[in-house]
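Have a look at the structure below before the remarks.
Nothing in this text is a laboratory measurement; each read-out follows from the coordinates by a stated rule. Computed from a predicted structure; not experimentally measured. FYI the Cβ positions are ideal-geometry reconstructions off the backbone, even for glycines, and counts take in every protein chain you see.
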Amino acid sequence: MEDYIKQACNLDYMENTKLILDKLDSIKEELDYIKSHVVDLDVVLTRDDLEALKEAEEDFKRGKTKRLA
């Protein structure tokens, strides 16, 4: 009887482990999808950023500023 209980517990453990691993795989797939569709805010320029960049380029052309690099 003890062997049967040990085997049953072992099967439950293995089934639960497989369910957990399957769920983790599913979560990883969802996370990968989300990551691939998230916009990196560091590379997005706002209207203010674009205007400031345009002004800086004009100032540089007029000789009001110097290139740092």
Criterion (in contact with a helix residue (DSSP H, G or I) (Cβ under 7 Å, 6 or more places away or on another chain) and β-branched (Val, Ile, Thr)) met by exactly one of Thr65, Thr46, Thr17: Thr65
Residues of region 46-63 being of a type in the set (Lys, Arg) and surrounded by 10 or more Cβ atoms within 10 Å (Cβ to Cβ), which ones? Lys54
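Let's see how each residue does on (1) loosely packed, with under 10 Cβ neighbours inside 10 Å; (2) touching a strand residue (DSSP E or B) at 6+ places or on another chain (Cβ under 6 Å); (3) of a type in the set (A, V, I, L, M); (4) more than 30 Å from Leu53 (Cβ to Cβ):
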| residue | (1), (2), (3), (4) |
| --- | --- |
| Glu2 | yes, no, no, yes |
| Cys9 | no, no, no, yes |
| Asp12 | no, no, no, yes |
| Glu15 | no, no, no, yes |
| Ile20 | no, no, yes, yes |
| Lys28 | no, no, no, yes |
| Lys35 | yes, no, no, no |
| Asp40 | yes, no, no, no |
